[in-house]
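Colleague: Before I ask anything, here is the structure I am working with.
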Amino acid sequence: MRKEIIALALLLIMVGGAVWNVSYINNMSSELTFMLETADTYEQIEAVINKWFEAEEYTQIALRHSEVDAITSDLYTALEFLDNKEEFAAAKERVIWRLEHIQEMEQVRWGTVF
Amino acid sequence: MAVILTRTLIMFVVVYAATRFMGKRQLGQLELSELIVALLIADLAAQPLSDIGVPLMNGLIPVLFLLCGEVLISGAALKSKNFRDFLWGKPSVLVEDGKIDLKELKRNRISLDELAEALRKKNIFDLANVKYAVFETDGTINAVEEKIKPKVEKIPQDNQKKNGEKKDNA
């Protein structure tokens with residue numbers, strides 16, 4: 001009986017962790033998306049990058065490294081094209097899309113499960 | 001390289017602990033659900049080892065989830081016969097008192113050759129001597145041979161007396 005109780009407890013912890021994970025990623029992505037949408041200056045983009053790096057420990061554990069690297073790369077690309085309006089807008093859109101994508105990937109939907 | 005080594009060590013410890021937690025049943029003849037869990041764990045544990053871009057959690061969490069599921073399923077199977085039958089099926093009697101149940105053979109998709117082979121592995125070469133041959137839920141065939149009692153001849157009374165006299169004379 002003890003093993004079953006331990007197993008059930010572990011299961012509940014994992015389910016709880018999964019729910020928390022979805023909530024955390026949603027909040028993080030929403031926050032970064034909002035900051036990015038209103039970012040026009042070098043300092044603002046840098047603030048977004050710093051915010052992204054603050055969650056580095058979590059992102060490296062929970063997300064595919066290729067996704068994390070792609071977002072980091074696109075953020076620096078946005079910084080690079082600050083002077084070019086169109087390129088800058090495109091780079092920002094790309095980051096926003098990636099942030100929404102990692103948010104969607106963690107949600108249980110037909111598309112993500114199958 | 002160091003990352004792969006560390007991941008391999010962690011995964012080895014976790015899978016070892018998981019298998020140990022599930023119990024010795026995992027090492028012996030596996031039931032269907034146990035076989036599935038064993039196969040899945042092996043594959044899932046290997047994924048983060050072969051690709052360091054995949055988070056280690058992508059291997060650890062499914063392994064732990066399967067471990068918990070297997071422990072709960074086997075615990076429930078222990079408590080409920082109906083659940084056990086639903087999960088793992090029931091053993092099938094293929095041969096009884098030397099007679100083959102062809103219906104059961106067909107139902108379990110076992111050929112006569114396979115049955116004969118399984119009996120030979122149990123050192124049974126004559127089907128007529130088989131008391132029971134059972135197809136177990138773990139896929140093995142167990143058989144019990146009918147014990148043949150040796151014929152004991154009754155010595156006629158006259159011969160017994162004659163033998164007794166001869167002994168006295170000796």
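We did not get these values from a lab; they are worked out from the coordinates using the rules stated. Remember, predicted model here, so these are calculated numbers, not experimental data. Positions of Cβ are generated from backbone atoms using ideal geometry, with glycine treated the same way; all protein chains shown enter the neighbour counts.
Colleague: Classify segment B:90-145 from the C-alpha gyration tensor, please: rounded if a/c falls under 1.5, else prolate or oblate depending on whether a/b exceeds b/c.
Modeller: Note, shape of segment B:90-145 comes out rounded.
Colleague: From Cα pairs below 8 angstrom and at least 6 apart in sequence, can you work out the relative contact order of segment B:90-145, rounded to a whole percent?
Modeller: 43
Colleague: Please tell me which of these pairs span more than 23 angstrom C-alpha to C-alpha: A:51/A:92; B:79/B:106; B:122/B:147; B:99/B:122; B:99/B:147; B:90/B:131?
Modeller: From A:51/A:92; B:79/B:106; B:122/B:147; B:99/B:122; B:99/B:147; B:90/B:131, over 23 Å: B:79/B:106.
Colleague: Right, here's the next one. How much FRET efficiency would the formula 1/(1 + (r/R0)^6) give for residue B:108 and residue B:85, where r is the Cβ-Cβ distance and R0 is 22 Å, rounded to 0.05?
Modeller: 0.90
Colleague: Something else: Given an 8 Å cut-off on Cα distances and at least 6 residues of separation, report the relative contact order of chain A as a percent.
Modeller: 28
Colleague: Against the globular-protein guess of 2.2 N^0.38 Å, express the Cα radius of gyration of the protein assembly as shown as a ratio, rounded to two decimals.
Modeller: 1.80
Colleague: What are the semi-axes of the equivalent ellipsoid of chain A, taken as the square roots of 5 times the eigenvalues of the Cα gyration tensor, listed largest first and rounded to whole Å?
Modeller: Over the Cα atoms of chain A, the ellipsoid semi-axes are 35, 14, 11 Å.
Colleague: Got the relative contact order for segment B:2-87 handy, in percent, Cα pairs under 8 Å and 6 or more residues apart?
Modeller: 32
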